[in-house]
Structures are given as structure tokens and as C-alpha cells.
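Okay, structure first, notes after.
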Amino acid sequence: MNKLISAALLAAILSLSACGGGGSSGSDTQAGVSSGGTGSFSNGPVTSFGSIVVNGIHFDQTSATVRDTDGQTVSSASIKLGMVVELTGSTVEHVGSRDQAQARDISLVPALVGPIDRVGTDTLVVMGQTVLVSGATHVDESLPQGLASLSANEFVTVYGFHDARRDVYVATRIERRAGAVPDHYVVHGVIQDLDPINGRCRIGQQTISYQWGTDVIGLANGRVASAKVSTVLYSPASADGSSPAVWQGQVMTLDQPSVSDRDQASVDGVVTSLSLDTAGVIAVNGLAVDTRQMVCSVCGGLSVGDRVQVEGRLVNNVIVANKVSAAAAN
């Protein structure tokens, strides 16, 4: 696994982030200078209720618009502990002993939606992807025996993070997917082995064949994307195991903040790319984080897959960090 983000990938991130031309030279120049936008942006798992708590901020979600992975509006009651969400809200204010804000738009961001291949004691295999489950993983109340309540061929939704270094998924929430059989599956993670000539790439253990109607701008190894894949394999794995199963991609969306500018921004997740020896821009949950405006005591020791928490502001789709801290080990 190449831990360093390539120059081409860095250029793609910053070009997508730029809202106009003209930059200044020197290490003190921000990636995309802007005055910022009013309000807040957060990306991370829901850790508590009494409002919803994301990245330590209490968001009142009662009047927010909540969307699932298909962009469909759902009830705010759909939000559960351990779900990874991306949200925009009002300016965060410190009231009493806590930080709080009004959530405006909330998107649920599952890592995997699909059938179970097999169930272990503390692991699941979903569509060939290994999912690690720990005491920190929230398991839906419909599964009273935890993983033992699940069996092969059932459909699940997994929230969490793709650790590209180990090529596993670290689950923050697991729930059985009830109702009709889904008309597509979902895989969200770091793009690898991109082959644009033959129209293939890999996310985790899933090889995906794609023929998009239009090019996905910025598609590159190391970017994080959400792919919808067909429920029918493009081609099965070979009997001798020399060739992997290939999934037929339907739609792929590269991760990027839902808004370009916010005065306050936070993200809790895993490092998905590193470029500390070049531009000082890393990626966390696929989101570009510029660490050049701060003294980052932990950045030099970071590896892909490490859990971190970032605070700063969102400037032209890049989180300009004023704080980066290591989170609990996965």
C-alpha cells in the first residue's frame, strides 16, 4: 500500500477545491483562500443522544433535513448511535458546559450495504469485505445476540471506516437491513488499482468494473468514493482463486464536503491519504485537511488507517486545521 498521496492526486484534490485562479507562493498560503462561510460542517459518527452528538458537538436535529445514501429524505428518528453522518449546521456556540448548534442538513454515510458472506466471533465478511467488530461497535437492538443474531445471505448496513492500510472496515454500527431486497449494494472506501483503460478499480476487496456515462472528475488512486454496484456480479471469481469476483458499478461519487465554506469544521475518522512530506495536506475520511497553518505534533507519526479528530474551518472544500489529535486506537 502506497501511504503517500501522489502529486497527481494532490493536484486533483486542490483543483477540485479551488474556486478561482491565482495562488501565492510560500508555505503560509492556504489551499484556496476565502473568508469562509457562516455556520458549521461536521463529519463523523454519532456518539450520543439528547440531541445528536457528533465530534463532541450537540446538534439539535429536530428541524433538519435528513437524507439516506440514496438521497431520499428520511425521518430524524432514523439517526442511530454509531452512524457516520455528514452535516451542516448553524454556528457552534459554547453554552454552559457544552458546544451546541442547530443541524440543518444531515446525510447518512454507510460504509457497506450488502449481503453477508459469513459471520465470525468478532468479524463479518460482507461482499468479500472483512468488517472488524469491537466493544465500541453499536449493534442494532434488533440483534439481541450481536453478530450471533446474523447469518450468511442476510443483508446488512455497516457504518464505519475503511482502513486502507489493513484493507479492512472498522465498524461503528451494524444493523440488519429489513424489507425488500435492495436493488443495488453500496461500498464506500479508498480507490485502489485504478485502470481507466479497462474501466476497473478496487475498493477494499471488491474489484469494480465501470462504464460511466460521463467521466468522474478527479477519479484517482487514494481518493475516497461511494460506489453503487449491481446485485448481480459482472463476473464470478475463478474456481482456482486466481481471478477475483468483479462487481458491476452503477454510480460512483467522490467524497467532498457538501458545502465549500464554513467558519467551523470538524471531522472524526481515519487517515485515508498522507502527503506530509510535500504539501502538508492529508485526507481524513476522504476529506482534504490542510495542516500547514498549525503546529501538528501528531502529524509526523500518522499512518494511513489511524483514527484522528480534526478541528478548523472549511475553505473552498479544504478543512484548514487548527487542531489535529489522535483518537482511540481502532
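Laboratory data are not the source of any read-out in this text; all were calculated from the coordinates shown. None of the values given here were measured: they were computed from a predicted structure. Because the Cβ atoms are built from the backbone with ideal geometry, glycine has one as well, and the counts that use them run over all protein chains shown.
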request  = State the Kirkwood hydrodynamic radius of the stretch 189-268 in Å, one decimal place, computed from all pairs of distinct Cα atoms.
outcome  = 14.0
ask   = Which three extents, in whole angstrom, do the alpha-carbon atoms of the stretch 194-330 cover along their principal axes, largest first?
value = 52, 32, 26
key: Calculated P(r) tail over 19 Å for the stretch 40-108, as whole % of Cα pairs   = 20
remark   = Using eta = 1.002 mPa s and T = 20 °C, Stokes-Einstein with Kirkwood Rh from Cα pairs puts D for the stretch 56-162, in µm² s⁻¹, at 138
message = Rounded to two decimals, what is the ratio between the C-alpha radius of gyration of the chain and 2.2 N^0.38 Å?
response = 0.97
message = Given the DSSP H assignment, sum -39500 (n - 2.57) over each helix run of at least 4 residues in the chain and divide by its residue total; what's the result at 222 nm in deg cm²/dmol, nearest 500?
response = -1000 deg cm²/dmol
query = Full extension from VAL251 to THR231: what is 0.36 nm times the residue separation minus their Cα-Cα distance, to one decimal in nm?
reply = 5.9 nm
Where only alpha carbons of the stretch 265-330 are counted, the Rg and the Dmax (Å) = 10.3, 31
task = Consider a paramagnetic label point 7 Å from the Cα of LYS323 along Cα→Cβ; state which residues of the stretch 39-56 have an amide N under 12 Å from it.
result = 55-56
key: Packing-based order for 55-66, 229-240, 290-301, using average beta carbon neighbours within 10 Å, highest first   = 55-66, 290-301, 229-240
note = Computed on Cα atoms, Rg of the stretch 110-180 relative to 2.2 N^0.38 Å comes out at 0.98
ask   = Considering only the chain, what is the antiparallel percent among its DSSP beta bridges, to the nearest 5?
value = 80
request  = Report the antiparallel proportion of the DSSP beta bridges in the stretch 40-108 as a percent, rounded to a multiple of 5.
outcome  = 75
